[in-house]
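The values are calculated or read from the model by the stated rules, or taken from the named source; none is laboratory data. As the structure is a prediction and not an experimental result, all values here were calculated from the model. All Cβ positions, even for glycine, are placed from backbone atoms using ideal geometry, and neighbour counts span all protein chains on display. Ligands, DNA and RNA are excluded from the accessible area calculation, which covers all protein heavy atoms including side chains. Shrake-Rupley method; radii C 1.70, N 1.55, O 1.52, S 1.80 Å.
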Amino acid sequence: MAAVAASLSFSISSDPQHHRTATPLFTSSTPPIVLINHKSHHCHFKSLVSSSHSSSSSTNTSTSTSTSTTAAYSFLEDTFRTGRFLTNEELEKLKTLEKFVHFQELKSGFLWVRVMRPEEEMDATVNLLAESFAESMLLPVGYEKLLGFLVKQYLLERRAVMPHAVTLVGFYREKEEEGQSGSELVKLAATVEICFDKMGANSSPPTPTPPKNAPYICNMTVQKQLRRRGIGWHLLKASEEIISQMTSSKEVYLHCRMIDAAPFNMYNKAGYKTIETDSILILLMLQRRKHLMCKKLPDIDSPSKSDIACPDEELPL
């Protein structure tokens, strides 16, 4: 499954660094922290101080601050309420993710890329990834349900680390023909996961291991029947675009299996260079050898030649 396996990799992590609910303590010199409660859909300002400083006089101040903070961050939709403590910087990054949309007209249709909305698109994304994993690992069709269960648990865990990592989905709409309605042509066509920094890094990344503090693209797949239309190429470009908005880091990493020639050629065209390759000893662990590839993103005002779109029919994904 050359078109998919280049970027597919997941593990269900129990690393407390990624999933713990911290107890934030701050003084007047540190920024406030906001608790986003996904059940009540309200923002609550929490000032956790020692009992020696707690008094009834502080209640009014805390309540007032809570009201203003709730109003300030009322823009967050339910999808972006993570249910954990967030700093003001993290909230602003969530706002960036909420607004992100990448649109591209292709030869055969149109592509929209945005953040996955769990309530509406989780199951479709799980099915797409499960089918891709089963295909890449040459597993019988019956294993897709088990893979689907594992993938869903993984996606739920990854959602908890937003905005340090995110899952994007791509919707494809074919150009209308006579007698067809536009709504019938729209379908979830692709997905990709992006880690922006160390807090969003997977605790068990594939080898060769990428730097945890650098952006990393993985789990990119396109519906089998929609490949060779340029969707994978523009999904990669959308990933680079949101990386540029979310972090100042310019070096982006991804993996590509050695046997996947078509994705490897696409990544080369996009400007990614191989910096390390798995030892042949990895075969003893029943794993495919992989390349670790890296690209230094150009400044937004001066795109590189690799950022210019290739003809759709020349793209493998």
Would you say His234 is farther than 19 Å from Thr96 by Cα, in a helix (DSSP H, G or I) and touching a residue at least 12 places away in the same chain (Cβ under 8 Å)? yes
Every residue from region 113-134 that is touching a residue at least 60 places away in the same chain (Cβ under 8 Å) and either small (Gly, Ala, Ser) or surrounded by fewer than 19 Cβ atoms within 10 Å (Cβ to Cβ) (or both): Ala124, Ser132
If we ask which residues in region 139-174 are touching a residue at least 12 places away in the same chain (Cβ under 8 Å) and either touching a helix residue (DSSP H, G or I) at 6+ places or on another chain (Cβ under 7 Å) or outside any helix (DSSP H, G or I) (or both), their number turns out to be 23
So, Ser203, is that one out of contact with any strand residue (DSSP E or B) (no Cβ under 9 Å at 6 or more places or on another chain), in contact (Cβ under 8 Å) with a residue 40 or more places away in the chain and part of a loop (DSSP other than H, G, I, E, B) or not? yes
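Can you spot a residue in region 288-300 that is among the acidic types (Asp, Glu) and modelled with pLDDT of 95 or more?
To start, the set of residues in region 288-300 that are among the acidic types (Asp, Glu) comprises 299.
Narrowing further to those that are modelled with pLDDT of 95 or more: none.
No, there is no match, as no residue in region 288-300 is among the acidic types (Asp, Glu) and modelled with pLDDT of 95 or more.
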Of (1) over 17 Å from the mean Cα position of the chain (by Cα); (2) crowded, with 16+ Cβ neighbours inside 10 Å; (3) outside any helix (DSSP H, G or I), Ile282 satisfies all except one. Which? (3)
With criteria (1) in a strand (DSSP E or B); (2) without any contact (Cβ under 8 Å) to a residue 60 or more places away in the chain; (3) open to solvent by less than 30 Å² (accessible area, probe 1.4 Å), Ala214 comes up short on (1)
Counting only residues that are among the polar types (S, T, N, Q), surrounded by 15 or more Cβ atoms within 10 Å (Cβ to Cβ) and not in a loop (DSSP other than H, G, I, E, B), which one in region 66-85 is modelled with the highest pLDDT? Thr79
Could you give every pair whose Cβ atoms fall below 8 Å, whose first residue belongs to region 86-105 and is within 19 Å of Val169 (Cβ to Cβ) and open to solvent by 40 Å² or more (accessible area, probe 1.4 Å), and whose second residue is in a strand (DSSP E or B) and of a type in the set (Lys, Arg), counting only separations of at least 6 or pairs across chains? Val101/Arg114
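Looking at Glu177, is it modelled with pLDDT under 95, open to solvent by 50 Å² or more (accessible area, probe 1.4 Å) and in a loop (DSSP other than H, G, I, E, B)? Steps first, answer last, please.
Details: modelled with pLDDT under 95: yes; open to solvent by 50 Å² or more (accessible area, probe 1.4 Å): yes; in a loop (DSSP other than H, G, I, E, B): yes.
Taking the combined requirement at face value, the residue satisfies it.
Quick grid of which residues meet (1) within 17 Å of Glu121 (Cα to Cα); (2) exposed (fewer than 15 other Cβ atoms within 10 Å of the Cβ); (3) of a type in the set (Val, Ile, Thr):
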residue: Ser136; (1), (2), (3): no, no, no
residue: Leu139; (1), (2), (3): no, yes, no
residue: Val166; (1), (2), (3): yes, no, yes
residue: Lys198; (1), (2), (3): no, yes, no
residue: Ala201; (1), (2), (3): no, no, no
residue: Ser204; (1), (2), (3): no, yes, no
residue: Val222; (1), (2), (3): yes, no, yes
residue: Gly232; (1), (2), (3): no, no, no
Which of the residues spanning region 234-279 are open to solvent by 20 Å² or more (accessible area, probe 1.4 Å), of a type in the set (Val, Ile, Thr) and touching a strand residue (DSSP E or B) at 6+ places or on another chain (Cβ under 8 Å)? Thr274, Ile275, Thr277
